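Engineer: Sharing a structure with you now.
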Amino acid sequence: MTVFALVPAAGMGKRMGASINKQYLQLADKPILAHTLTVFERTSFVDGIYVIIPEDEIPFCREQVVERHGLAKVRQIVAGGAERQHSVLNGLRAMEGVVADDDVVLIHDGVRPFVTPEILERAVAVAREGDGALVAVPAKDTVKVVENGVITATPPRESLWLAQTPQAFRYGLIRAAHEAADAERFLGTDDAMLAERFGCQVRVVLGDYRNIKITTPEDMILAEAFLKERL
């Protein structure tokens with residue numbers, strides 16, 4: 001059983017307000033995406049990486065991210081789709097014939113550069129033994145359910161977790177869950193939701209509050225601070 005990373009980075013990053021897509025913004029000495037892929041490149045048990053990028057950016061990504069930063073484990077750069085879910089399915093289909101049904105696929109956001117090998121290892125271990133793993137952290141704040149500006153419920157905080165990535169599954173299972181959702185034109189919020197809908201029991205793996213998804217300018221400030229501490 002081998003392990004592969006599937007890294008969707010096909011978003012437009014409108015909330016960042018930058019002139020380029022957020023995955024190419026410079027964080028210290030290299031693009032955010034390069035930092036993320038480097039984690040998988042340096043993790044010994046990850047055998048290959050598939051990156052999903054808007055089709056017209058593939059040459060740029062190959063030259064300025066993959067080749068420039070020596071990312072030898074990248075097997076293929078795949079064209080993305082209209083939504084993240086479609087992009088992931090494109091990536092899963094590109095793996096056909098290379099990745100076995102029992103191999104583990106780590107699906108990880110291209111703009112989460114602070115994931116650690118320890119988190120990856122925990123997710124892989126759980127995915128190997130069960131239906132899948134969702135990296136998450138407990139909610140720190142009280143969460144309110146609001147409808148039309150009025151609070152309708154206050155769920156108990158101890159039962160609430162904030163989903164992160166990676167989300168880890170055996171290839172055959174998550175491919176089937178995605179294909180079923182695509183056939184039924186169902187659009188979910190993450191890969192775990194599609195697995196749950198497919199009848200799978202997805203277990204939570206403790207993540208890290210620093211495993212942030214860089215989406216807004218404020219996130220860039222946090223990312224720069226985290227990177228300085230790491231160095």
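The values are calculated or read from the model by the stated rules, or taken from the named source; none is laboratory data. Here the structure is a predicted model, which means the values were calculated and not measured. Ideal geometry is used to build each Cβ from the backbone, glycine not excepted, and the neighbour counts take in all protein chains shown.
Engineer: Can you pull out every residue in the range 148-163 that is in a strand (DSSP E or B) and surrounded by 13 or more Cβ atoms within 10 Å (Cβ to Cβ)?
Structural biologist: Of everything in the range 148-163, those that are in a strand (DSSP E or B) and surrounded by 13 or more Cβ atoms within 10 Å (Cβ to Cβ) turn out to be W161, L162, A163.
Engineer: Do we have any residue at all in the range 71-87 that's part of a loop (DSSP other than H, G, I, E, B), charged (D, E, K, R), in contact with an Asp or Glu (Cβ under 9 Å, 6 or more places away or on another chain) and under 20 Å from Y171 (Cα atoms)?
Structural biologist: Yes; the residues of the range 71-87 include at least one that is part of a loop (DSSP other than H, G, I, E, B), charged (D, E, K, R), in contact with an Asp or Glu (Cβ under 9 Å, 6 or more places away or on another chain) and under 20 Å from Y171 (Cα atoms).
Engineer: A further question on this structure: Filter the range 201-219 for residues that are polar (S, T, N, Q), modelled with pLDDT of 95 or more and out of contact with any strand residue (DSSP E or B) (no Cβ under 6 Å at 6 or more places or on another chain) and give the result.
Structural biologist: Answer for the range 201-219, where residues must be polar (S, T, N, Q), modelled with pLDDT of 95 or more and out of contact with any strand residue (DSSP E or B) (no Cβ under 6 Å at 6 or more places or on another chain): just Q201.
Engineer: Oh, and also: From the residues in the range 168-186 that are among the hydrophobic types (A, V, I, L, M, F, W, C) and assigned to a helix (DSSP H, G or I), which one is surrounded by the most Cβ atoms within 10 Å (Cβ to Cβ)?
Structural biologist: That would be I174.
Let's see how each residue does on (1) assigned to a loop (DSSP other than H, G, I, E, B); (2) hydrophobic (A, V, I, L, M, F, W, C):
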| site | (1), (2) |
| --- | --- |
| A133 | no, yes |
| D141 | yes, no |
| V146 | no, yes |
| T165 | no, no |
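Engineer: Taking the range 101-131, which residues are assigned to a loop (DSSP other than H, G, I, E, B) and within 11 Å of G207 (Cα to Cα)?
Structural biologist: F114, V115, T116
Engineer: Which residue pairs have Cβ atoms closer than 7 Å, lie 6 or more positions apart in sequence or on different chains, and pair a first residue in the range 142-171 that is touching a residue at least 24 places away in the same chain (Cβ under 8 Å) and more than 30 Å from V46 (Cβ to Cβ) with a second residue that is acidic (D, E) and surrounded by 12 or more Cβ atoms within 10 Å (Cβ to Cβ)?
Structural biologist: none
Engineer: Turning to a different aspect of this structure: Can you pull out the residues in the range 187-208 that are among the small types (G, A, S) and either in contact with a helix residue (DSSP H, G or I) (Cβ under 8 Å, 6 or more places away or on another chain) or part of a helix (DSSP H, G or I) (or both)?
Structural biologist: G188, A192, A195, G207, listed by residue number.
Engineer: What is the number of the single condition among (1) at pLDDT 95 or above; (2) surrounded by fewer than 20 Cβ atoms within 10 Å (Cβ to Cβ) that F40 does not meet?
Structural biologist: (2)
Engineer: Could you tell me how many of the residues in the range 209-231 are touching a helix residue (DSSP H, G or I) at 6+ places or on another chain (Cβ under 9 Å), assigned to a loop (DSSP other than H, G, I, E, B) and farther than 14 Å from H35 by Cβ? If you could, list the steps in order and put the result at the bottom.
Structural biologist: Taking the range 209-231 as the starting set, the residues that turn out to be touching a helix residue (DSSP H, G or I) at 6+ places or on another chain (Cβ under 9 Å) are 210-217, 219-220, 223, 227.
After this cut, where a residue has to be assigned to a loop (DSSP other than H, G, I, E, B) as well, the list is 210-216.
Retained after the next criterion (residues that are farther than 14 Å from H35 by Cβ): 215-216.
Final tally of qualifying residues: 2.
Engineer: Can you work out which of the residues in the range 193-207 that are among the small types (G, A, S) and crowded, with 19+ Cβ neighbours inside 10 Å is farthest from the chain's Cα centre (by Cα)?
Structural biologist: Taking the candidates together, the pick is A195.
Engineer: Oh, and also: May I ask you to list the residues in the range 65-115 that are within 22 Å of E184 (Cβ to Cβ), surrounded by fewer than 16 Cβ atoms within 10 Å (Cβ to Cβ) and of a type outside the set (G, A, S)?
Structural biologist: E83, R93, E96, D101
Engineer: Checking E67 against (1) farther than 25 Å from I212 by Cβ; (2) touching a strand residue (DSSP E or B) at 6+ places or on another chain (Cβ under 8 Å), only one condition comes out false. Which one?
Structural biologist: (2)
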